[in-house]
Every structure is written in structure tokens, then in C-alpha cells.
Amino acid sequence: MKIYVHEGAGVYVGSVVVVCAKSRKTADKLIRKELDLFGLKDEQISIENINDLKTSSVIYSFNGDD
């Protein structure tokens, strides 16, 4: 399994979606579904494969106002 990250413009402060998937194609589908649920149907997907899950790691950490 690989970790894929999408970062986009979002509505106000940007959007971030982090998924774990076997392939980029699957990651695309998962990210698109999340963006659509957020109301971001027009946002282009921008995916980065950040690593393979072979060691422990922090996937996403956010310390700010919601």
C-alpha cells in the first residue's frame, strides 16, 4: 500500500486529502470522491505519492483552527 496526498485550492484555506491505496488509479478515485463530498467538484486532482508503508510514520497532522 502507498500513501497519496492531494493538495488543492479548496474553498478558503486549501484542501488536503490523504489516502492509502494500492495504485494511483485507486487513489484518484478515492480523492475524487472526497473532493466531490466537500463540494469541490471542479477542483483538479494533484496527487503526490509520498512513500510506501514499510515503516511507522505520521500520515497527516494539523494544528490549527478548523
Legend entry - Mean separation of Cα contacts under 8 Å (6+ apart) over length of the stretch 2-52, as relative contact order %: 49 percent
Legend entry - Mean Cβ count within 10 Å, highest first, over the residues of peptides 26-34, 10-18: 26-34, 10-18
Inset, instruction - Could you state, as a whole-number percent, how many of the C-alpha pairs of the stretch 2-52 are farther apart than 17 Å? - result: 26 percent
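Since every read-out is calculated from the coordinates, none of them should be taken as a lab result. Keep in mind the model is a prediction, meaning the values are calculated, not measured. With ideal geometry, Cβ positions are generated from the backbone for all residues, glycine too; neighbour counts draw on all protein chains shown.
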